[in-house]
């Protein structure tokens, strides 16, 4: 069964909806870990209780280590590995996945909803005003035009592929004696020719209205870079 670049995959770890290729992969995705083989462990790697008939082995879906039921009973969503249903976690992994669950349920939803920005090119020439939002597959920052700048350029800014981003800088400004984020500049490689580097500057149209979206995109970029390092 295929669906928009994804397919169902069933294994011992559970049911997942995975991308058919890297081209459809989420930039926030984590690779499923290799499970520690059952025959290589005799005790729970958390409490060291020996395994036996009444103390069965269970694998944490996030780290792949082997635990007893008491140390691996947390059942939590793991969207970064494409699991359809909540899956078993050890305690340490459960803490991490629980925080990420809130990120997906709140932060990502706000980013997909979007916010209004004036978009400039690398020469600081205004391209236009757009509702900027994260696509539902979390792979791009997309633009919906609502006011075109009166310039010689008829080009719409290219969508921003998160996996191609090379640099991000945020700008702050003072509103009612408080410093808040009011925009950012992003550099990214062209999807067709990686030798071409694009640069776009996003400036808030309504600074108060966009502050929450900017705070969320900061969190997303932080997680994006953490994912690249793993």
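The values are calculated or read from the model by the stated rules, or taken from the named source; none is laboratory data. This one's a predicted model, so the numbers in the text were calculated from it and none came from an experiment. A quick note on method: Cβ atoms are made from the backbone with ideal geometry, for glycine too, and the neighbour counts reach across all protein chains shown.
Please give the number of the condition residue 103 fails out of (1) modelled with pLDDT under 95; (2) closer than 26 Å to residue 22 by Cα; (3) assigned by TED's automatic domain parsing to the domain that holds residue 202.
In the conditions (1) modelled with pLDDT under 95; (2) closer than 26 Å to residue 22 by Cα; (3) assigned by TED's automatic domain parsing to the domain that holds residue 202, residue 103 misses (3) alone.
Name every residue in segment 42-56 that is part of a loop (DSSP other than H, G, I, E, B) and more than 18 Å from residue 13 (Cα to Cα), in order of residue number. I'd like the intermediate steps shown before the answer.
Our first condition is that a residue be part of a loop (DSSP other than H, G, I, E, B); within segment 42-56, this holds for 42, 44-49, 51, 53-54, 56.
Within segment 42-56, 42, 44, 45, 46, 47, 48, 49, 51, 53, 54 meet the criteria.
Only one of (1) touching a residue at least 24 places away in the same chain (Cβ under 8 Å); (2) under 17 Å from residue 222 (Cβ atoms) fails for residue 191. Which number is that?
For residue 191, the exception is condition (2).
Residues of segment 116-127 being in contact (Cβ under 8 Å) with a residue 12 or more places away in the chain, in a loop (DSSP other than H, G, I, E, B) and at negative phi, which ones?
Passing the criteria: 121, 122, 125.
Looking for whichever is free of Cβ contacts under 8 Å to residues at least 12 places away in the same chain and either buried (at least 18 other Cβ atoms within 10 Å of the Cβ) or in contact with a strand residue (DSSP E or B) (Cβ under 8 Å, 6 or more places away or on another chain) (or both) here; the options are 161, 157, 86. Which one fits?
86
Considering (1) at pLDDT below 90; (2) more than 30 Å from residue 96 (Cβ to Cβ); (3) surrounded by 15 or more Cβ atoms within 10 Å (Cβ to Cβ), say which one residue 227 fails and leave the rest.
(2)
Just to be sure I understand, how many residues within segment 93-115 are surrounded by fewer than 19 Cβ atoms within 10 Å (Cβ to Cβ), touching a strand residue (DSSP E or B) at 6+ places or on another chain (Cβ under 6 Å) and touching a residue at least 40 places away in the same chain (Cβ under 8 Å)?
Residues in segment 93-115 being surrounded by fewer than 19 Cβ atoms within 10 Å (Cβ to Cβ), touching a strand residue (DSSP E or B) at 6+ places or on another chain (Cβ under 6 Å) and touching a residue at least 40 places away in the same chain (Cβ under 8 Å): 1 in total.
Please work out which one of (1) assigned to a strand (DSSP E or B); (2) surrounded by fewer than 17 Cβ atoms within 10 Å (Cβ to Cβ); (3) at pLDDT below 95 is the condition residue 194 fails and give its number.
With (1) assigned to a strand (DSSP E or B); (2) surrounded by fewer than 17 Cβ atoms within 10 Å (Cβ to Cβ); (3) at pLDDT below 95 applied to residue 194, the lone miss is (1).
Given the criteria assigned to a helix (DSSP H, G or I), within 30 Å of residue 79 (Cβ to Cβ), in contact with a strand residue (DSSP E or B) (Cβ under 9 Å, 6 or more places away or on another chain) and at pLDDT below 90, does residue 209 qualify?
Yes: the conditions hold for residue 209.
Filter segment 128-140 down to the residues that are free of Cβ contacts under 8 Å to residues at least 40 places away in the same chain and under 15 Å from residue 200 (Cβ atoms) and list them by number.
The initial filter retains those residues of segment 128-140 that are free of Cβ contacts under 8 Å to residues at least 40 places away in the same chain, namely 128, 130-131, 133, 135-136, 140.
Listed by number, the residues that qualify are 128, 130, 131, 133, 140.
Out of (1) under 22 Å from residue 22 (Cα atoms); (2) in contact with a strand residue (DSSP E or B) (Cβ under 8 Å, 6 or more places away or on another chain), the odd one out for residue 122 is which?
The single condition residue 122 does not satisfy is (1).
Would you confirm, using the coordinates I've provided, whether residue 23 is modelled with pLDDT under 95, surrounded by fewer than 15 Cβ atoms within 10 Å (Cβ to Cβ) and either assigned to a loop (DSSP other than H, G, I, E, B) or over 23 Å from the mean Cα position of the chain (by Cα) (or both)?
Here the answer is no, as residue 23 does not meet what is asked.
Kindly indicate whether any position in segment 57-76 is outside any loop (DSSP other than H, G, I, E, B), under 22 Å from the mean Cα position of the chain (by Cα) and under 28 Å from residue 218 (Cβ atoms).
yes
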